[in-house]
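Below is one structure, written out as structure tokens; the observations come after it.
The values are calculated or read from the model by the stated rules, or taken from the named source; none is laboratory data. As the structure is a computational prediction, the values presented were derived from the model and not from experiment. Counting neighbours? That spans all protein chains shown, and the Cβs are built from the backbone with ideal geometry, glycine included.
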Amino acid sequence: MSKIRYERPAIRKLESSMPNKFGLKTEYLPMTNIDGVNINELINSFGSPLFVISEKTIRNTYKKAKKALITKYPKVQFAWSYKTNYLNAICSIFHQEGSWAEVVSGFEYDKALALGVAADKIIFNGPDKTEEDLTKAIKNNSLIHIDHLDEFYTIVELVDKLKKRPRVAIRVNMDTGVYPMWDRFGFNYENGQAWDAMNKIMHSEKMDLVGLHCHIGTFMLSPNAYGVAAVKLADLALSLQKKFNHEISYFDMGGGFASRNTLKGAYMPGSDINPTFDDYAETITTALLNSNFKKDKLPLLILETGRALIDEAGFLIGTVISNKRSSTGKRTTILDAGVNILFTSFWYDHKITPAQPFTHYSEETCIYGPLCMNIDVIRENVNLPLLNKGEQVVIHNVGAYNMTQWMQFITLRPRVVLIDENRNPHIIREKETLANMVDMERIPEYLKKFEL
């Protein structure tokens, strides 16, 4: 019979993160595999820390979101938000599912083209489009969403040179009852900027105004805000039709749908209270169907949903480096995964699950990363069983933004593995090496020699 591991007795106060009306969870289940692939095998094969993406979850989530929309509205198109996760394998999955590409930089635009996305299925957003970017987009007949008047004037000049009419939309910002209001991007609805921009485009007669675009915020917990936005876009489109006898082909409602993550300071888990795809879909489609568009003139509804489609498919496996007691006696656990690769730990209380069996003894624990920075905190307070050096944990819902906003700081960035629908793991991004870093560096000759 194996010897039972000693656990020291402890007296602890009943305190944790803010409890909800159901009390605090006291039972745990280990997460020993992801999509049927053993976590120990993943670590042995690919190292730690390790990002793991579930292809099955991506495809299932996409189908769920699409179903929520197409059952309520006849014309729907998704456009994958590259800034959310632009690893080639991830983008390709969404394109296989029928998603267009939505990009916000020349870099992302070129990435989409290199992947084989048809140029006329690329939506080019963002305030920073260079003349080179705009020239390429105009020549390729991509959809250009104009963010400000300086961009509009640049396009006018380029049209005269290129002798080609671009397809454009304008980005509209507006008061939807959610504050702070996102009014940095695009043209404001309430003060008339949006209507002024539309008039300028129509009177220029140098481009085709085919769409209206809004992106009202991020991690939006109020579906009703999208209904308000849809009503205001419809008002602009119908006013344009009345004045110029010109029809808008599509409304791009942007992104911002919340994932299942829990925001810091939330009273209850995000998995319990955050809106679903059906909640967002019902509000948006009802607003459009109740507008004064004729049945055969409804605009195409485009959604740039990113976070809500990919977050749940991503996991970060980390290994325990050590355990300590803080000066107050609180248990602290240090992992080999830090905020440099888990940027979203600043926003969310990520769910953390042990990856091996454990006893029922648990403590309030602070989870740190390995960086020599005091801000390297994965979770300030989480109730976990005792974790020993060398054991693993799984951090959930990390698919969005962490692989585009991560930093090479102190440690090199790890591998990313995709588990396909047949439970086969594939490396979709190699871990960095010292060579990756120094290949971009140059040392002046006078600095190459020194004595210590």
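Give the residue, chosen from GLY306, GLY338, that is touching a Gly at 6+ places or on another chain (Cβ under 6 Å), at pLDDT 95 or above and over 15 Å from PHE51 (Cα atoms).
Unique residue meeting the criteria: GLY306.
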(message) Restricting to segment 237-257, name every residue that is surrounded by 20 or more Cβ atoms within 10 Å (Cβ to Cβ) and out of contact with any Pro (no Cβ under 6 Å at 6 or more places or on another chain).
(response) ALA237, LEU240, ASP252, MET253, GLY254, GLY255, GLY256, PHE257
(message) Can you find a residue that is surrounded by 20 or more Cβ atoms within 10 Å (Cβ to Cβ) and touching a Cys at 6+ places or on another chain (Cβ under 6 Å) anywhere in segment 311-322?
(response) no
(request) Quick one: GLY369 ticks every box in (1) modelled with pLDDT of 95 or more; (2) surrounded by fewer than 20 Cβ atoms within 10 Å (Cβ to Cβ) except a single one, so which number is it? (result) (2)
(request) Take segment 109-126 and flag every residue that is assigned to a loop (DSSP other than H, G, I, E, B) and either touching a strand residue (DSSP E or B) at 6+ places or on another chain (Cβ under 9 Å) or of a type in the set (Asp, Glu) (or both). (result) VAL117, ALA118, ASN125, GLY126
(message) Any residue in segment 435-450 that is not assigned by TED's automatic domain parsing to the domain that holds THR411 sitting within a Cβ distance under 8 Å of a residue that is surrounded by 10 or more Cβ atoms within 10 Å (Cβ to Cβ) and of a type outside the set (A, V, I, L, M)? List the pairs, counting only those 6 or more apart or interchain.
(response) MET437/GLN408
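If I ask for residues that are of a type outside the set (S, T, N, Q) and in a strand (DSSP E or B), which ones from segment 408-437 would you list?
Correct list: PHE409, VAL416, VAL417, LEU418, ILE419, PRO425, HIS426, ILE427, ILE428, ARG429.
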(message) Looking at segment 45-66 only, could you name the residues that are surrounded by 16 or more Cβ atoms within 10 Å (Cβ to Cβ) and without any contact (Cβ under 8 Å) to a residue 40 or more places away in the chain?
(response) LYS66
(request) From (1) of a type in the set (Ser, Thr, Tyr); (2) in contact with a Ser or Thr (Cβ under 9 Å, 6 or more places away or on another chain); (3) under 29 Å from ILE122 (Cβ atoms), pick out the condition that doesn't hold for THR262. (result) (3)
(request) Return the residue satisfying two criteria in turn: it lies in segment 127-169 and is assigned to a strand (DSSP E or B) and crowded, with 18+ Cβ neighbours inside 10 Å, and of such residues it is farthest from the chain's Cα centre (by Cα). (result) VAL168
(request) May I ask you to list pairs of residues, at least six apart or on different chains, whose Cβ atoms are under 9 Å apart, with the first in segment 287-306 being outside any loop (DSSP other than H, G, I, E, B) and the second being basic (Lys, Arg)? (result) LEU289/LYS72; LEU300/LYS75; LEU301/LYS75
(message) Just the residues that are crowded, with 17+ Cβ neighbours inside 10 Å and over 26 Å from the mean Cα position of the chain (by Cα), please, taken from segment 348-363.
(response) PHE358, SER362
(request) Keeping to segment 153-170, report how many residues are within 28 Å of ALA225 (Cα to Cα) and either of a type in the set (S, T, N, Q) or touching a helix residue (DSSP H, G or I) at 6+ places or on another chain (Cβ under 9 Å) (or both). (result) 3
